[in-house]
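Quick notes on the structure that follows.
What follows draws every value from the coordinates through simple rules; no lab data is involved. In this text, all values refer to a predicted model and were calculated from it rather than measured experimentally. Neighbour counts run over all protein chains shown; Cβ positions are idealised from the backbone, glycine included.
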Amino acid sequence: MTALPVSIIGVPTDVGAGTRGASMGPEALRIAGIVKAIGQFGLAVKDCGNLPGPTNPDLPAVDGFRHMSEVVAWNRSLHDAVYVELRGESLPIILGGDHCLAIGSISAVARRCRETGKKLRVLWFDAHADFNTATMTPSGNIHGMPVACLCGYGPSRLTEIGGHVPAISPQEIRLIGIRSVDAGEKCFLAEIGIEVFDMRYVDEVGMRRTMEQALAGICSETHLHVSLDVDFLDPEIAPGVGTTVRGGPTYREAQLCMEMVADTGRLCSLDIAELNPALDRRNMTAELAVDLVESLFGKSTLMRMHQ
Ligand SMILES: [Mn+2]
């Protein structure tokens, strides 16, 4: 596979989150050196800058959703930006921003896959399942709903952004690292058949076996999209996020995930979401995220004798 040029798109939004600050994520990732980190692999990198969008009005939920109009505006514009980059044969990297942005990015990826006849596989690395609906979530924060919206469960203004409902089928996504799911969400996930590799599973079988299963069936015609919520990582190594949950993957486990994605050679798009510099310590979480991105693009943290 020839290496695609990379296009970086900043999405400085926190309208989908309960805690403010993820809107500063794109700049923190740039400061941590994301452009240079990708460039070192000989790839062409274009930083498209930040998308414009509405500011955070910090209002309570209306009809079960907070900031619906703002979330719709950001995601429509991100959908269009990602779609343009994919059509131009680039690999988009979306710097978030809260995780609601995955509605826009993945609906664009899915749309492009439908046009080109590619198979889609989404790996969703997260502490949460992000499968809430307006009736199940008390807060109404839309960053807890993107997987549900992408699978067609949610308000039409969000489910229809990519022009096809549902944007993705439940069979196209794997949730990895989950350790905070409420009862209603758990039943719903099982009912529609989403494959979930929770931390209990990772503990029992190990990250290597987990990733082998999450990547099973990927072939040369697969578009692999990674959606990395920074809260996937253990808070001890990644404090800069608004929704930390104890008991996440260690540094080595997280690196192994990324290295195994790199080994497939099929990574075609990436979201980095929920980095919150206001909660970080000396940008360490942004630097870790950049470190993981390097592994996604093939930097091996160990010298291997048998490649
Ligand atoms: Mn998330």
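Restricting attention to the stretch 209-225, the residues that are surrounded by 13 or more Cβ atoms within 10 Å (Cβ to Cβ) and either in contact with a Gly (Cβ under 9 Å, 6 or more places away or on another chain) or of a type outside the set (Gly, Ala, Ser) (or both) total 10.
Quick check, is Arg208 over 24 Å from Glu70 (Cβ atoms) and part of a helix (DSSP H, G or I)? Yes. Among the residues of the stretch 201-221, those identified as under 17 Å from Phe232 (Cβ atoms) and touching a strand residue (DSSP E or B) at 6+ places or on another chain (Cβ under 6 Å) are Thr210, Ala214.
Could we say that Ile94 is within 16 Å of the ligand (Cβ to nearest atom), of a type outside the set (S, T, N, Q) and part of a helix (DSSP H, G or I) here? When the stated conditions are applied, Ile94 does not pass them.
Among residues of the stretch 219-250 being among the hydroxyl-bearing types (Ser, Thr, Tyr) and not in a loop (DSSP other than H, G, I, E, B), the one that is farthest from the ligand (Cβ to nearest atom) is Thr222.
In the stretch 104-132, the residue that is nearest to the chain's Cα centre (by Cα) out of those that are within 15 Å of the ligand (Cβ to nearest atom) and in a loop (DSSP other than H, G, I, E, B) is Asp126.
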